[in-house]
Amino acid sequence: MQNGSAPQPKVAVIGAGSMGTGIAALCASAGMEVVLLDQDADAAARGVETQLKRGGFYLEEDAARISTGSDYALLEDCDWIIEAIFEDLSAKHSLYTAIEAHLSPTAIVSSNTSTLPLSALVEGVAPTRRERFAITHFFNPPKVMPLVELVVNSSTDETSTTADTLRRIIEVDLGKTALPCRDTPGFIANRVGCYWLACGVFRAREFDIDYALADAAFGRAFGIPRTGIFGLLDYIGLQLVAPIWNSLENALDPGDRMFSVPLGTDEFIAELVKRGHTGRSAGSGGKVSEGFYRGRDEVIGADFNYVARKSPEDPVIGLKDPREVMSTDSPGGRFARALFLNTLSYCCEVAPEIAEHVGLIDEGFRLGFGWKKGIFELADEIGLDWLITAYDTPPQLLVDAAAAGGFYPEGKVLSSSGEPLTPEVSAGVVTLATVREKAHTLLTSPAGALHLLDNNVAILDFHTPLNSLSNEAIALIHSTLDAIEPHAIAALVIGNDKPVFSAGADLPSLAAAAESASATEISAVLNAGSQALLGLKYCPIPVIGAVRGVALGGGFEMALACDRLVLHADARLAFPELNVGLYPGWTGTVALLSRLRAAGVSNAHQRAFNFITATRPAPNAFAARRDGLLRPTDVVLLSFDRILARALEEAAALAADYTPPADEFLPLYSGPALDREWPLENTTANDHAIAAQLARMYTGTGELTFRQFAEREVAFDVPLLLMPANVERALHMARTRKPLHN
């Protein structure tokens, strides 16, 4: 359960298919009590087991929060009931009638439908329930996908109690984005995403290009996931193409341009499904996935036989600029140009029908289909004047955007009718960009800045790539510590708007120190970082880390130096230093040992040794807290967007009555050799040398203070970077960002 969260609803999910069980697992992982019902009670129980095998829970013990069965009487004390049965309107109506007698008057019911309109669904809902009925369309798998489309009853509005309650649960408790959608076919993401995919299939055939070229041409340059179009269809499952697209087309007006690319009745895909080539689902039971692609090395031919997949050859391959791709007169360039222009035109046409502003459509692409930027963001980047000249008749919304200064003019967003709007920020979301407008900047350098808020809480904001801890960033930490007293700073938050906390030490700086072959220079680099993090640990004010994305190596060491962490559940915490030719040298080995001992972990030295030498991250922040890598008071949230806001709240609360930690004593290890199991499989003699040195550092008699242990950590680490094999590791990692297993 997330620390300090408000009372959570009791949730019921009806329908134990892949989607229903995934939603149930997500809610249970968020700390909610869940009832999972199915006509077949055994199927519900099996669904929980399937989610355990698929990693649908953050912790296996979360599954204990789910009760399974088939009796609708189990719904009586549930606050939110999610219907997740198959897409059949009559079946859904029958279900709503059957469960109504078992629901509390205040219960909210929502459907997970992806295509059926709310106006049709509510016809089967009791009139007294209709204002507490909605659509909450999760994307699959629910634990991974960040999007939930929200459609509220047309008899109310988006500010109704039902909408507010669902939005809060979806965004705060479950950590997803609740995308407000109008009650239109396919809502937002599927409406535009299904057109893009269908258009991609038809344009590839029109331009006679193979699947691999189509996926590459409209791929990296446009910020599209590497699955591309045909790989994504395989991932969705080709057996779902006809049901999804036909259901969508059946709900659309006959004049909709979706009918120009009728994927639901595609004969080639139908034949693939008939032959069992259904994509990802064809790879169940340990078999290789068979669809448009078989595994990574084969592709389906026109005769339905698989042939070797060839690397596409086209001038657009390797280009990084989408406009350059579309300007290239080649099969790949012409395909990408047509697909982008068709998709942009369709989105412009349907925008007034499906969304208040273009930003919602872009969110549908980003969160529902994994695009790095939405179609309108890409259009601004490519250039609206250029795009207008690319059309014979440009869409009106594109013309309006050019006149307004872009789809995103001066911090605003274009409405679907062509007027600039100020976008709303979700309640509880704080960004450094907005906080900085009211803050006083105390320090600034190329490596970052220090901002002071009105309540005397300061934010340390790194500007380095991936918030890496370069020599300049370490110097900024020292300057920050020096600024505490003169500026009466009451608490310090480390964090910003980047999707990472810190990727660790600056690799070029570390590699340069290693290449110098100077123990003095290596020691200086390690000592500078060690002293900076010791300063954070023992400074007179509380330090809070706002951890999103990754905290690796020196970044994880910096996190461990904080008094409290607010972490996104999917934060990746690891010590990959072995791949660079050393072990953590900025207090990490000591801080980890201290954390494990405080958590009462038996064999703390061995556990610390194992975690450091494994180099693998903890599965998630919940698991890291359970295993003693984090404190029980560290806060884990599912909401990525609310990490900084919660960190600022924690900082202000801790500042009210804070006592700096005293220097603690930690014992050296005196048991059997810590590295007795080495060398492990897939490790080298050099890996063993680093592990053996770490074991020697931990081993001895008596005890040391934390500070003394940190000095010992550096002293034993320096010789490792003097070894030629580890110099090679450091240089290789700095050049390629890939480990060298020499």
Selected residue [over 28 Å from A336 (Cβ atoms) and in contact (Cβ under 8 Å) with a residue 40 or more places away in the chain] from L147, L166 = L166
For segment 60-92, how many residues are closer than 20 Å to F187 by Cβ and part of a helix (DSSP H, G or I)?
-> 2
Can you spot a residue in segment 433-443 that is among the acidic types (D, E), assigned to a loop (DSSP other than H, G, I, E, B) and out of contact with any strand residue (DSSP E or B) (no Cβ under 6 Å at 6 or more places or on another chain)?
-> no
Segments classed as helices (runs of 4 or more DSSP H), wholly inside segment 205-300, with at least 2 members that are touching a residue at least 60 places away in the same chain (Cβ under 8 Å), touching a Gly at 6+ places or on another chain (Cβ under 8 Å) and within 26 Å of L89 (Cα to Cα) = 241-251
Taking segment 705-742, which residues are touching a Phe, Trp or Tyr at 6+ places or on another chain (Cβ under 7 Å) and free of Cβ contacts under 8 Å to residues at least 60 places away in the same chain?
-> T705
Go through segment 361-375 and give me each residue that's touching a residue at least 12 places away in the same chain (Cβ under 8 Å) and part of a helix (DSSP H, G or I).
-> I361, D362, E363, G364, F365, L367, G368, F369, I375
Kindly indicate whether L582 is touching an Asp or Glu at 6+ places or on another chain (Cβ under 7 Å) and either crowded, with 24+ Cβ neighbours inside 10 Å or not assigned by TED's automatic domain parsing to the domain that holds A689 (or both).
-> yes
Checking A214 against (1) modelled with pLDDT under 95; (2) closer than 27 Å to R309 by Cβ, the condition it does not meet | (1)
Restrict the check to segment 477-488 and report whether at least one residue is within 23 Å of V590 (Cβ to Cβ) and without any contact (Cβ under 8 Å) to a residue 40 or more places away in the chain.
-> yes
Those residues that are among the hydroxyl-bearing types (S, T, Y) and touching a residue at least 24 places away in the same chain (Cβ under 8 Å), I need them from segment 489-518; list them, please.
-> S502, S509
The condition of being without any contact (Cβ under 8 Å) to a residue 12 or more places away in the chain and in the same structural domain as L721 (by TED's automatic domain parsing) holds, among T464, T444, only for T444
Does segment 613-627 contain any residue that is in contact (Cβ under 8 Å) with a residue 40 or more places away in the chain, closer than 15 Å to A710 by Cβ and buried (at least 24 other Cβ atoms within 10 Å of the Cβ)?
-> no
Neighbours by Cβ (under 8 Å, 6+ apart or cross-chain): first from segment 330-348, outside the structural domain of P395 (by TED's automatic domain parsing) and within 12 Å of V316 (Cβ to Cβ); second among the polar types (S, T, N, Q) and surrounded by fewer than 23 Cβ atoms within 10 Å (Cβ to Cβ) | none
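Quick check: is even one residue across segment 494-512 over 35 Å from the mean Cα position of the chain (by Cα) and either outside any helix (DSSP H, G or I) or not charged (D, E, K, R) (or both)?
No, segment 494-512 contains no residue that is over 35 Å from the mean Cα position of the chain (by Cα) and either outside any helix (DSSP H, G or I) or not charged (D, E, K, R) (or both).
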State all residues of segment 563-577 that are buried (at least 24 other Cβ atoms within 10 Å of the Cβ) and either in a loop (DSSP other than H, G, I, E, B) or of a type outside the set (D, E, K, R) (or both); if no residue qualifies, say none.
-> L565, V566, L567, A571, L573, F575
Might you let me know whether segment 55-72 holds any residue that is surrounded by fewer than 16 Cβ atoms within 10 Å (Cβ to Cβ) and within 25 Å of V152 (Cβ to Cβ)?
-> no
Output the residues belonging to segment 538-557 that are farther than 22 Å from A645 by Cα and surrounded by fewer than 24 Cβ atoms within 10 Å (Cβ to Cβ).
-> Y538, C539, P540
Considering residues of segment 624-641 that are among the acidic types (D, E) and assigned to a loop (DSSP other than H, G, I, E, B) only, the residue nearest to E60 (Cα to Cα) | D627
Looking only at segment 450-472, which residues are more than 26 Å from the chain's Cα centre (by Cα) and of a type outside the set (D, E, K, R)?
-> L450, H451, L452, L453, N455, N456, V457, A458, N471
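The values are calculated or read from the model by the stated rules, or taken from the named source; none is laboratory data. Just so it is clear, the model here is predicted, and its values are computed rather than measured. Because the Cβ atoms are built from the backbone with ideal geometry, glycine has one as well, and the counts that use them run over all protein chains shown.
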